[in-house]
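The next block holds one structure in the form of structure tokens; read it before the comments.
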Amino acid sequence: MIAVMRAAAVLLVLSSCTSAPATESEPPASQPAPVAALETPSEPEPEPARAPTQPKPAAEPETPNPVAVRINKKYEGADATDWEKRFERKGREVHDRQAAVLEALQIEPGSSVADVGVGSGLYTLAFAGAVGKTGTVFGVDVQDYFLDHVRNKAKKAGVDNVTFVKAEQRSANLDESTVDIIFMCDVFHHVEYPRTYLASLYAALKPGGRLAVIDFIAEEGTSKKWVLEHVRASPTEFRAEFEAAGFVFERAPELLEENFFHLYRKPE
């Protein structure tokens, strides 16, 4: 009996020695951190196709102004002496206030002045004196008899710094960038192709040069009937034409009553 019990104890000890020891549970294998997907740089979207640049349409040919055409007919084949009596008389304000107009123009000795629409030469010889011997005056007109008349006046007065230029209705025929001041007195309303003519004046002025315009005031309700029939536009409308041609308005000297007086400048 005792032997049996000892055998059982021996077996129990052997059993405890051969049993696999309890193992601690291993931590789960760490999962690799998710790798962020690499972003492929997006290619720039192509710009939408641009419409091809269309050339600006050429300006339509200018048609002659009917009012100017009508009033110019009486100058065809006329006599300069008869017109001189009308242009250079007391009571005509551009004649009576010539000195004030010249002062407002601030003509510098040695400069060049174009008297466009020279007529009887009311201002031409005065300009010649203002620019002096080193300056030049261009006497410009479409009528040969006016040019001949003023040429003779200059010769008699011993004035030799005036160059005479035969103009056309579309151009003053002045060389490009040769003039400091262009002066037009009661002339612009006679121009039959104003847009085209203004382009020629703009080209003739030096950068920074000035355009001086005196013309009748034609406004409904205030102007005389003959002025409204004779002059095609108001001062405001004329100004719009000058500015559309590129001239910059500077000021309006208040010297005259029947005429407006505008000073413009060609940009530098």
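The values are calculated or read from the model by the stated rules, or taken from the named source; none is laboratory data. Computed from a prediction, not measured in an experiment: that's the story for all the values here. When we count neighbours, we look across all protein chains shown, and the Cβ atoms used for this are built from the backbone with ideal geometry, even at glycine.
Scanning the range 214-228 turns up one or more residues that are among the acidic types (Asp, Glu), over 17 Å from LEU105 (Cβ atoms) and touching a Ser or Thr at 6+ places or on another chain (Cβ under 9 Å). Note on the range 85-102: residues that are free of Cβ contacts under 8 Å to residues at least 24 places away in the same chain and either surrounded by fewer than 12 Cβ atoms within 10 Å (Cβ to Cβ) or among the aromatic types (Phe, Trp, Tyr) (or both) total 6. Listed by position, the strands (runs of 3 or more DSSP E) enclosed by the range 180-265 that each have at least 3 residues that are loosely packed, with under 14 Cβ neighbours inside 10 Å are 248-251.
Listed here are the residues, each with its yes/no results for (1) touching a helix residue (DSSP H, G or I) at 6+ places or on another chain (Cβ under 6 Å); (2) of a type in the set (A, V, I, L, M); (3) modelled with pLDDT under 95; (4) under 24 Å from ARG170 (Cβ atoms).
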{"residue": "VAL191", "(1), (2), (3), (4)": "yes, yes, no, yes"}
{"residue": "THR196", "(1), (2), (3), (4)": "no, no, no, yes"}
{"residue": "ALA199", "(1), (2), (3), (4)": "no, yes, no, yes"}
{"residue": "GLU219", "(1), (2), (3), (4)": "no, no, no, no"}
{"residue": "THR222", "(1), (2), (3), (4)": "no, no, yes, no"}
{"residue": "LEU228", "(1), (2), (3), (4)": "no, yes, no, no"}
{"residue": "THR236", "(1), (2), (3), (4)": "no, no, no, no"}
{"residue": "PHE247", "(1), (2), (3), (4)": "no, no, no, yes"}
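The listed residues are ASP141, ASP115, and the only one of them that is within 29 Å of ASN65 (Cβ to Cβ), in contact (Cβ under 8 Å) with a residue 40 or more places away in the chain and among the acidic types (Asp, Glu) turns out to be ASP115. So in the range 151-179, with the set limited to residues that are touching a residue at least 60 places away in the same chain (Cβ under 8 Å) and closer than 26 Å to GLU103 by Cβ, which one is surrounded by the fewest Cβ atoms within 10 Å (Cβ to Cβ)? In this case the residue turns out to be THR178. Within the range 67-114, being under 20 Å from ASP141 (Cβ atoms), among the polar types (S, T, N, Q) and in contact with a Gly (Cβ under 7 Å, 6 or more places away or on another chain) holds for one residue alone: SER112. The set of residues in the range 151-171 that are aliphatic (A, V, I, L, M), in contact with a helix residue (DSSP H, G or I) (Cβ under 7 Å, 6 or more places away or on another chain) and not in a loop (DSSP other than H, G, I, E, B) comprises ALA154, ALA157, VAL162. A residue that is under 33 Å from the mean Cα position of the chain (by Cα), of a type in the set (Asp, Glu) and over 22 Å from PRO194 (Cα atoms) cannot be found anywhere in the range 115-137.
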